[in-house]
Amino acid sequence: MARFFGKWYCITDLRFWLLVIILFNDAEQVNAVWPMPQRISQSTQQYTLNPQAFLFQYSNGSVVQPGCSVLDTAFKRYFAIIFPDVTGKHGVLGYNVPAAFTVFVDVKKDECDGYPDENSAENYKLSISAGQAVLSSETVWGALRGLESLSQLVYQDDYGAYFINKTEIEDFPRFPFRGLLLDTSRHYLPVQAILKTLDAMAYSKFNVFHWHIVDDPSFPYQSRTFPDLSNKGAFHPLTHIYTQTDVRRVIAHARLRGIRVVPEFDSPGHTQSWGKGQHDLLTPCYKGDVPSGMYGPVNPILDSSYKFMAQLYKEVALVFPDSYVHLGGDEVSFTCWKSNPNVRAFMAKMGFGSDYTKLESFYMENIMNMTAALNKTSIVWQDVFDYHERIPQDTVLEIWKGTPPKYREELSRITKAGHRVLLSAPWYLNHISYGQDWQNAYLVAPRNFSGTEAQKKLVIGGEVCMWGEYVDATNLTPRLWPRACAAAERLWSDEEQTSSVAQAYPRLQEFRCKLLRRGIQAEPLFVGHCKHEYQGA
Amino acid sequence: MDRNQLTEEESSRRVNIMGLLLNCAVFLLVVIVCSGWQDDGNYDGRLSDSDPISLWPLPQKIQISAVAFKLSASSFQISHAKESSAGPGCNLLQNAFRRYFEYMFGSVKNEAKPRKKVFSSELTELQVWITSADPECDGYPSLKSDESYELSVDQPSAVLKASNVWGALRGLETFSQLVYEDDYGVNIINKTSIVDFPRFAHRGILLDTSRHYLPLRVILANLEAMAMNKYNVFHWHIVDDPSFPYFSRTFPELSQKGAFHPYTHVYTPADVKMVIEFARMRGIRVIPEFDTPGHTQSWGKGQKDLLTPCYSGSSPSGTFGPVNPILNTTYEFMGRFFKEVSTMFPDAYVHLGGDEVDFSCWKSNPDIQKFMEEHGFGHDYSKLESYYIQRLLDIVSSTNKGYMIWQEVFDNGVKLKLDTLIHVWMGNKAQYETETARVTAAGFHALLSTPWYLNYISYGQDWHDIYTADPQSFNGTEEQKKLVIGGEACLWGEYVDATNLTPRLWPRASAVAERLWSDKDVKDIGNAYGRLAQHRCRMVQRGIPAEPLFVGYCRHEYKGL
């Protein structure tokens, strides 16, 4: 039952900074930033912060100035996070407080009304000295990351006073794609649960919300073009759906936190719920010579299927601003296709023989062409590569299968073919076990596979997946956090600086307490306590 | 991506749901209205709402008719029967009436005059009839409490008959579970007759408030959930190595120095009283555990010389081991401490722990070695442990409490009073069955927890194993079987605090609840699945974030975010 609080840890930077060892007088305070910045140096020099005299201000040279929605709202949000005991009425300050500690924000590009995308620069520099902090970044998205780091540097003593130490940070993400998948089909997740997850994602510097919005069990997305899909395919047509307003709200909430929303409309398998609201979309399965009344994957031999999919994806492309869309393509069972005489006739006509992977490829190719025509980049599950190696070069493959040796092999094969990849296999956090399983998530090495430097660069990131078989709003948050934080650090931070579980433990424990303070119901790593426990029930 | 082989398996299980109640319906099972059951789509996650009536744990004898009555929030009443020995002065029942009214109808804000018209098919009243002379309104439930009840739902009014309030509470829970909403939002109850009683007298849940502190609200919420599952014992593992949150009036330094924080992470006497009263109102006993001589690191911070100083070679190492069994001051301390505990906690039992005593520190200490020699214990440190426990038992006996202890104390041959409850927690199935057989063969009462360590989690539907474990499945005589008084689900706190406790415990603990309440032949997993999925939706609707069993939905999803 050892309860251990790390009293110190060290941060190294090989090129520019000295090795700095920080010793804290307050044993329970680890002023760490999670995920670990690329370069950080801190001194014991401590500055008091007064909520009555604390300002965020755009610096004179900044291209971005007041009126920038992303940063204006971020200032408000982070003020409340930095000073959790301060209620709104105390927080209103003029811009003329002479002795105010001022956070000067300097951003080079104005993307205030835009969306983060695959090329968004997230690097930032943060310099904290007497009376001021300077946060400079190329984009508002980088500034958001810097504000997050800043907020984690502030701590309180036992009397409630706020402090920050003299600090220099130069930071950038190791991988540009740091995603988290939620599954809203196996269980419906109320919008509130999704928004909460987005908040927590921002705290760990995740930047992609992969919305696995529909699947076999239910179709909660309310389509403008095909309203029957959710009318008939959702668990309930009114209480268990996402309206267009809900979707916009999620996208807006995510944008303000520098998070992209990539929707997944998985086909041709995983589409049982689609069939309820769209006649003739799914393949009728046969028992002998007659239809059995059951349905299989999307029917790949009908023009009507492709017309439907084109219209649906056209809508999806408009509703979701991100340039990526996830097409699924996993786990297609061939038994129903094989049973259907029309499908067999089509196979013969196309010269596919009895190789049903060819039929699947035929289908996926059509779908990928549709999204390409809509100027979207496709992400597909690894299955699509496994049975069909010639796929459009800019397609991103997501690896979800197998043990470390297996997925490393797959990383080699896919990057060798020149495709970009996302790694998810080691981060299926819906799989739970007794004990500190965050350590496994932490020790993943996404670029540890045999391949050239160029191949390694094709690993653009990874995703934490929280599949919904056993998860809904009752247990989502504690199951996801802080376990997802382990993956977040792996995807953001330098691997060499963050290779030790023992060094990560006290930092993560502290970060988990910060999450609690921010209202995120993150579960404990092990025996111990937080100054401010979760009070809900 | 992701697929789960369970899908088809689960779908096929729905077929079994019609088997509902059959095993146990000693009376004629008339009909159960089941609109959604025959849906045989290829995939259907709607399991959970398919059967409108889902009783959990399943009553012993039940007869449900197709005849149904409406219930109206504005005219329905729960009242004391004329013949009842309890009346409006019975606080416990008055509170229960309100609680169950709210479960059934929500908190009705509209206080307008009740509708005059009564439909012919409407049920307007539940009469609660306490038959024994003393309804026990102001008492505490005990191991011997009679929790049986009879429920008859028919016009003109439903009648719930129980010999005292404890049975009435169980019957009210059952009545509330019989009420369901039809598609028009109308509350419906079928004509029903139930005779019910628990299979085991001790049906407990252990919460550990030492490894993580649990705020009062979480404890109270779990008492609510326990009542929904007819649990009747809250085993409060209140202190242990990591922290000592119990605020002792006699020894305030124990929590001042031994709690994670002396103010924010303690249970004051007022807190403890609130828990006990909240539990009493729901027919739940509170049994505190003060585990010694091991698991006491946190005690040492506020009580000098209580723990054994460990030695490194010939000098003290600065670390401490179990309670020091060779000092008289230790027993003086225990005497005063357990005197306080005996007045603070009204239950007739106290759990004394006695598990996992590590001998290495005792072995290192020269004073202990000498003591061993003087008492002729040789090198058998379990004799020293027995010496300590024996003296402790004498102390606790003098406070007129009975005691529960973990199985090691029995295993080590400590002399025990015959009414001691031995708590079996170790080993695999074969081992715990052997242990239960040994304990009962020696004439002691046994309690089972081994298969119900719910802090152990794994991926998938692990409630199956929990559900099929049975405390009486061991080789023994009928007499021995009768000595098994029940079991407890344990949620140890290494990885659990307020953030994840409730969804981790529920509905998995519900599986234990049915094993301990219902007939031993109620064990069909397919049958249980449908009822349990709905029971968990009912808990969610009542504000308990019980996690899902599998894919599907609840009409009212959890909103407490």
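The values are calculated or read from the model by the stated rules, or taken from the named source; none is laboratory data. Quick caveat: nothing in here was measured; it's all calculated off a predicted structure. Counting neighbours? That spans all protein chains shown, and the Cβs are built from the backbone with ideal geometry, glycine included. Note: areas computed on protein heavy atoms with side chains; ligands, DNA, RNA excluded. Shrake-Rupley method; radii C 1.70, N 1.55, O 1.52, S 1.80 Å.
Taking 56 Å as R0, compute the FRET efficiency from the Cβ-Cβ separation of A:N375 and B:Q369 and round it to 0.05.
Values: r = 82 Å, r/R0 = 1.46.
Step by step, r from the Cβ atoms, then E = 0.10.
To the nearest 500 deg cm²/dmol, what mean residue ellipticity at 222 nm is calculated for chain B from DSSP H runs of n ≥ 4 alone, each contributing -39,500 (n - 2.57), summed and divided by the residues? Intermediate values should be presented prior to the final figure.
Details: 18 runs with 183 residues, N = 561.
Taken over chain B, the calculation gives -9500 deg cm²/dmol.
Per residue in region B:515-561, which ones lose no less than 50 Å² of accessible surface when going from chain alone to all protein chains (1.4 Å probe)?
Residues shielded by partner chains are B:P548, B:V551, B:Y553, B:E557, B:Y558, B:L561.
Would you work out the relative contact order for chain B, in percent, from Cα pairs under 8 angstrom that are 6 or more residues apart? Present the calculation step by step, with values, prior to reporting the outcome.
On the way: 1098 pairs, mean separation 87.2, N = 561.
Rounded, it is 16 percent for chain B.
Antiparallel DSSP bridges in the protein assembly as shown: what percent, to the nearest 5?
Values: 53 of 141 bridges.
Counting DSSP beta bridges with both partners in the protein assembly as shown, the antiparallel share is about 40 percent.
Work the Kirkwood hydrodynamic radius out for region B:378-453: mean of 1/r over every pair of different alpha-carbon atoms, inverted, in Å. Numbers along the way, then the final one.
Working: mean 1/r = 0.0767 Å⁻¹.
Mean inverse Cα-Cα distance, inverted, gives 13.0 Å.
What accessible area, in Å² to the nearest ten, does a 1.4 Å probe give for B:K257?
Approximately 110 Å² of B:K257 is accessible to the 1.4 Å probe.
With N residues in region B:202-523, what two-decimal value do you get for its Cα radius of gyration over 2.2 N^0.38 Å? Don't jump to the answer; show the numbers that get you there.
Values: Rg = 19.5 Å, N = 322, 2.2 N^0.38 = 19.7 Å.
This ratio for region B:202-523 stands at 0.99.
Picking from B:F247, B:G378, B:T434, whose Cα lies most toward the positive end of the charge dipole for region B:202-523 (charges on Cβ: Lys, Arg +1; Asp, Glu -1)?
The one lying farthest along the dipole's positive direction is B:F247.
At most 12 other Cβ atoms within 10 Å and a DSSP loop assignment: could you name the trypsin sites (Lys or Arg not before Pro) in region A:389-460 that fit? Before the final figure, lay out the partial values.
Numbers: sites: A:R390, A:K401, A:K406, A:R408, A:R413, A:K416, A:R420, A:R447, A:K456, A:K457; in loops: A:R390, A:K401, A:R447.
Listed in order of number, the matching sites are A:R390.
Provide the FRET efficiency to the nearest 0.05 for the B:Y331-B:T264 pair, computing r from the beta carbons and using R0 = 35 Å. Display every interim value, and only then the final one.
On the way: r = 33 Å, r/R0 = 0.94.
Result of the calculation: an efficiency of 0.60.
Starting from the amide H of A:Y324, placed 1.01 Å from N in the peptide plane, find each other amide H under 5 Å away whose residue is 5 or more places distant or on another chain.
When sequence neighbours closer than 5 places are left aside, the close amide H contacts are A:T377.
How much of the DSSP bridge set in chain B is antiparallel, in percent, rounded to the nearest 5? Kindly include the intermediate steps, with their values, before the conclusion.
Working: 23 of 66 bridges.
Counting only bridges with both partners in chain B, antiparallel ones make up about 35 percent.
Taking R0 as 41 Å, what FRET efficiency do you get between A:E409 and A:N119 from their Cβ-Cβ distance, rounded to the nearest 0.05?
Values: r = 30 Å, r/R0 = 0.73.
Calculated transfer efficiency: 0.85.
Give me the inter-chain shielding for B:489-497: mean count of other chain Cβ atoms within 10 Å, whole number please. Numbers along the way, then the final one.
Numbers: counts 0, 0, 0, 0, 3, 9, 9, 4, 12.
Across the residues of B:489-497, the mean count of other-chain Cβ atoms within 10 Å is 4.
Quick check: at a probe of 1.4 Å, how many percent of the accessible area of chain B sits on carbon and sulfur atoms?
Numbers: 10790 of 21160 Å².
In chain B, the share of accessible area belonging to carbon and sulfur is 51 percent.
Enumerate by residue number the trypsin sites (Lys or Arg not before Pro) in region B:267-330 meeting two conditions: DSSP loop (anything except H, G, I, E, B), and at most 11 other Cβ atoms within 10 Å of the site's Cβ.
Answer by residue number: B:K304.
With charges set only on the Cβ (+1 for Lys and Arg, -1 for Asp and Glu), what does the dipole of chain B come to about its Cα centre, in debye to the nearest 20? Present the calculation step by step, with values, prior to reporting the outcome.
Values: 55 positive and 67 negative charges, 296 e Å.
For chain B, the charge dipole is close to 1420 debye.
State, in square angstrom and to the nearest 100, the accessible area buried between chains A and B, both chains counted, probe radius 1.4 Å.
Values: alone 22500 and 23790 Å², together 41170 Å².
So the buried area, both faces added, is about 5100 Å².
Residue by residue through B:475-488, how many Cβ atoms from other chains fall within 10 Å of the Cβ on average?
Numbers: counts 0, 0, 0, 0, 0, 0, 0, 0, 0, 0, 0, 0, 0, 0.
Per-residue shielding by partner chains comes out at 0.
State which entries of A:K109/A:K307; A:K358/A:K406; A:K76/B:K257 exceed 31 angstrom in Cα-Cα distance in the structure shown.
Numbers: A:K109/A:K307 41 Å; A:K358/A:K406 24 Å; A:K76/B:K257 40 Å.
Too far apart for the 31 Å limit: A:K109/A:K307; A:K76/B:K257.
Label points 7 Å out from Cα along the Cβ direction at A:H236 and B:N95: separation in nm?
With each label placed 7 Å out from Cα toward Cβ, I get 3.2 nm.
Per residue, what volume in Å³ does the Cα convex hull of chain B take up? Kindly include the intermediate steps, with their values, before the conclusion.
Numbers: hull volume 97.4 nm³, N = 561.
Here the figure is 174 Å³ per residue.
Any idea what the dipole of region B:202-523 comes to, in debye rounded to 20, about its Cα centre with Lys/Arg Cβ at +1 and Asp/Glu Cβ at -1?
Around 720 debye, computed over region B:202-523.
7 Å from Cα along Cα→Cβ at both B:D380 and B:K523: what's the point-to-point distance in nm?
In this crude label model, B:D380 to B:K523 measures out at 3.8 nm.
Which of the aspartates and glutamates could a cross-linker bridge to B:K82, judged by Cα under 14 Å and excluding same-chain residues fewer than eight apart?
Partners within reach: B:E125.
What nm value, rounded to one decimal, do you get for the distance between A:S323 and A:Q436 when each label is placed 7 Å out toward the C-beta?
Reported label-point gap for A:S323 and A:Q436 is 4.2 nm.
Filter the cross-link list B:K429/B:K523; A:K125/A:K205; B:K161/B:K482 down to pairs whose alpha-carbon distance in this structure exceeds 19 Å.
Details: B:K429/B:K523 17 Å; A:K125/A:K205 15 Å; B:K161/B:K482 27 Å.
B:K161/B:K482, as the Cα separations exceed 19 Å there.
Per-residue Cβ counts within 10 Å, from other chains only, averaged over A:511-520: what number is that? Each step should come with its number before you reach the end.
Details: counts 0, 1, 0, 0, 1, 3, 0, 0, 1, 1.
Other-chain Cβ atoms within 10 Å of each residue's Cβ, averaged: 1.
When all protein chains stay in place, what accessible area (Å², nearest 10, 1.4 Å probe) is found for A:C485?
Its accessible surface works out to 0 Å², give or take rounding.
Where in region B:227-299 are there chymotrypsin sites (Phe, Trp or Tyr not before Pro) that are in a DSSP coil and have at most 11 other Cβ atoms within 10 angstrom of their Cβ? Let's see the in-between values first.
Details: sites: B:Y231, B:F234, B:W236, B:Y246, B:F247, B:F260, B:Y263, B:Y267, B:F278, B:F290, B:W299; in loops: B:Y231, B:F247, B:F260, B:Y263.
Here the sparse-neighbourhood loop sites are B:Y263.
Normalising by the residue count of chain A, find the relative contact order in percent from Cα pairs under 8 Å and 6+ residues apart.
Details: 1071 pairs, mean separation 75.8, N = 537.
Here the relative contact order equals 14 percent.
Kindly provide the Kirkwood hydrodynamic radius of region B:345-386 in Å, to one decimal, from all pairs of distinct alpha carbon atoms. Present the calculation step by step, with values, prior to reporting the outcome.
Values: mean 1/r = 0.0834 Å⁻¹.
It is 12.0 Å.
How would the protein assembly as shown be classified by its alpha-carbon gyration tensor: rounded, prolate or oblate, with rounded meaning a/c under 1.5 and the a/b versus b/c comparison settling the rest?
On the way: a/c = 1.73, a/b = 1.17, b/c = 1.47.
Oblate shape, in that a/c is at least 1.5 and b/c is the bigger or equal ratio.
With a cut-off of 16 Å, note down the residues of region B:298-339 whose backbone N falls inside the zone around a label point 7 Å from the Cα of B:D271 toward its beta carbon.
B:299
For a 30 Å ceiling on Cα separation, which of these pairs sit above it: A:K338/A:K401; B:K339/B:K481; B:K144/B:K191? Write out the running numbers ahead of the final one.
Values: A:K338/A:K401 25 Å; B:K339/B:K481 34 Å; B:K144/B:K191 32 Å.
As for pairs spanning more than 30 Å Cα to Cα, those are B:K339/B:K481; B:K144/B:K191.
How are the Cα pair distances of chain A distributed, in percent, across 10 Å bins from 0?
Over chain A, the share of Cα pairs per 10 Å bin runs 3, 18, 27, 25, 15, 8, 3, 1, 0 percent.
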